[in-house]
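Peer 1: Sharing a structure below in structure tokens format, with a few things to ask.
The values are calculated or read from the model by the stated rules, or taken from the named source; none is laboratory data. In this text the structure is predicted, and so the values were computed from the model without any measurement. Every residue, glycine as well, gets a Cβ built from its backbone with ideal geometry; the counts of neighbours run over all protein chains shown.
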Amino acid sequence: MALNLDGKKAVVAEVRDVAAGADSLVLAEYRGLSVSQLTELRSKARESGVYLKVVKNTLAKLAIKDTQFECIDEYLKGPIIIALSKDDPGAAARLVKNFSKDNENLVAIAVALEGQAHGPESIAQIASLPTLDEARATLLRILQAPLTQFVRTINEVPSSLVRVLNAKSQQG
């Protein structure tokens, strides 16, 4: 169904608002996906906190103009779906990568991160970025390791003394 001018302005404004607060954008070609597959993709996107939208290329160009994702303008060709992730930079890339494993008709075209466009070969790298919780857990492990080692070292002195005294008492 064709959109009237007000509908087009609303779509552009919606995508622009989401893009303004997003960390990463992934473009994928969805040619050949069935309606049920697109519905499944949208469902998985909602679960992972990814904004997913099928937008005409001309409207997408208007929506990303003057945002950090303007660099991806050259990749807007053919039937594309836009995936934007706000809280987790790798979420959109993970969604597209994982969904395309079972559905070869979803093909990653490009990804934009921090104002730089990357080709489809970078999707796997960005998809492997840790989630916020994983990054926090790693940081806590790194911060906790020296303290744990320090406590073990301090605890070793009395333990050694007890072992020496025990061995001496058993000798004599």
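Peer 1: I need the full set of residues from segment 130-152 which are within 30 Å of Asp23 (Cα to Cα), hydroxyl-bearing (Ser, Thr, Tyr) and in a helix (DSSP H, G or I), in order please.
Peer 2: At the first step, the residues of segment 130-152 found to be within 30 Å of Asp23 (Cα to Cα) are 130-144.
Add one more test, that the residue is hydroxyl-bearing (Ser, Thr, Tyr), and what stays is 131, 138.
Residue satisfying the conditions is Thr138 alone.
Peer 1: Quick check on my filter: what residues within segment 36-61 are buried (at least 16 other Cβ atoms within 10 Å of the Cβ) and aliphatic (A, V, I, L, M)?
Peer 2: Leu38, Leu41, Ala45, Val50, Leu52, Val55, Leu59, Ala60
Peer 1: Give the number of residues within segment 70-129 that are among the acidic types (Asp, Glu), in a helix (DSSP H, G or I) and either more than 20 Å from Leu33 (Cα to Cα) or touching a residue at least 24 places away in the same chain (Cβ under 8 Å) (or both).
Peer 2: So the count comes out to 4.
Peer 1: Can you tell me which residue is nearest to the chain's Cα centre (by Cα) among those in segment 123-149 that are among the hydroxyl-bearing types (Ser, Thr, Tyr) and modelled with pLDDT of 80 or more?
Peer 2: At the first step, the residues of segment 123-149 found to be among the hydroxyl-bearing types (Ser, Thr, Tyr) are 128, 131, 138, 148.
Remaining after also requiring modelled with pLDDT of 80 or more: 138, 148.
Details: Thr138: 17, Thr148: 32 Å.
Among those residues, the one meeting the criterion is Thr138.
Peer 1: Condition first: part of a loop (DSSP other than H, G, I, E, B) and among the hydrophobic types (A, V, I, L, M, F, W, C). Can you find one or more residues in segment 18-25 that meet it?
Peer 2: The answer is yes; a qualifying residue exists.
Peer 1: For segment 2-19, enumerate the residues that are of a type in the set (A, V, I, L, M, F, W, C) and either under 16 Å from Lys61 (Cβ atoms) or touching a Gly at 6+ places or on another chain (Cβ under 9 Å) (or both).
Peer 2: Of everything in segment 2-19, those that are of a type in the set (A, V, I, L, M, F, W, C) and either under 16 Å from Lys61 (Cβ atoms) or touching a Gly at 6+ places or on another chain (Cβ under 9 Å) (or both) turn out to be Leu3, Val11, Val12, Ala13, Val15, Val18, Ala19.
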